[in-house]
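Remarks on the structure that follows.
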Amino acid sequence: MPRVTFYFDLGSPFAYLTAERLHEILPEPIAWQPVSLGALFKLTGRSSWALGDPSRRQAGMAEVESRARQYTFVPMRWPDPWPTSYLYAMRAATYAFQVGHGRPFTMQAFRHAFAHGHDLAVPEHVLQAAEQAGLDPRAVDEATRDPQIKLALRTATEAAHARGAFGVPTIAIDDELFWGDDRLRDAAATLERTSNR
């Protein structure tokens, strides 16, 4: 069976769109892997479409909103400001996966951000998502300062980059990478093809 990995950052609305649909389109097992998109950008020399050119930003946001309607999600609510720093949130996600609450935390955090418009650079919002996912907020807060958690996130990000990932969402089917929410069905078709060999 091919190995399937979903690379994501909680600051990415396209990763949110992917996470909400993943269970409908790809069969388990799927490894969900938090990575730091900001660190990936530094490694690749790229930048976010949401920064810089205002017209590109507006077009990107409109595309996200259009896809959310197409998928019949609740209307997008953008955090203000967006994007900001998601390092605290991504360290929290890294911890959540280590203690077996990764997916529930990730979905709560994504919905806080893009269904309710909460800025995940604010620790309180991250800890609310953690509590809703069954985690102890104090333990999560402490974990974000833990050198081992920081190292785990950094190592995962560097490993994703070494594998060829340059952004999120990225789905890896063994060594083949599919970048973008719009490539999810392509990934599913490849998985079905390789599974039937």
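The values are calculated or read from the model by the stated rules, or taken from the named source; none is laboratory data. Note that this is a predicted model, so its numbers are computed, not measured. Here Cβ is always computed from backbone atoms with ideal geometry, including for glycine, and neighbour counts include all displayed protein chains.
Could you tell me which of the residues 124, 142 is more than 18 Å from residue 10 (Cβ to Cβ) and assigned to a helix (DSSP H, G or I)?
So the residue among 124, 142 that is more than 18 Å from residue 10 (Cβ to Cβ) and assigned to a helix (DSSP H, G or I) is 142.
Of everything in segment 168-182, what is within 21 Å of residue 156 (Cβ to Cβ) and either free of Cβ contacts under 8 Å to residues at least 40 places away in the same chain or not in a strand (DSSP E or B) (or both)? Give them in sequence order.
Answer for segment 168-182, where residues must be within 21 Å of residue 156 (Cβ to Cβ) and either free of Cβ contacts under 8 Å to residues at least 40 places away in the same chain or not in a strand (DSSP E or B) (or both): 168, 169, 174, 175, 176, 177, 178, 179, 180, 181.
Tally up the residues in segment 17-71 that are crowded, with 17+ Cβ neighbours inside 10 Å, closer than 19 Å to residue 81 by Cα and of a type in the set (S, T, N, Q), please.
Of the residues in that region, 1 qualify.
Could you list, ordered by first residue, the pairs with Cβ atoms under 6 Å in which the first is in segment 150-161 and in a helix (DSSP H, G or I) and the second is modelled with pLDDT of 95 or more and among the charged types (D, E, K, R), at least 6 apart or interchain?
Listed pairs, sorted by first residue: 153/91.
Okay, residues lined up against (1) exposed (fewer than 15 other Cβ atoms within 10 Å of the Cβ); (2) under 24 Å from residue 91 (Cβ atoms); (3) among the hydroxyl-bearing types (Ser, Thr, Tyr); (4) modelled with pLDDT under 95:
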residue: 118; (1), (2), (3), (4): no, yes, no, no
residue: 124; (1), (2), (3), (4): yes, yes, no, no
residue: 135; (1), (2), (3), (4): no, yes, no, no
residue: 142; (1), (2), (3), (4): yes, yes, no, no
residue: 151; (1), (2), (3), (4): yes, yes, no, no
residue: 162; (1), (2), (3), (4): yes, yes, no, no
residue: 177; (1), (2), (3), (4): no, no, no, no
residue: 182; (1), (2), (3), (4): yes, no, no, no
residue: 195; (1), (2), (3), (4): yes, no, yes, yes
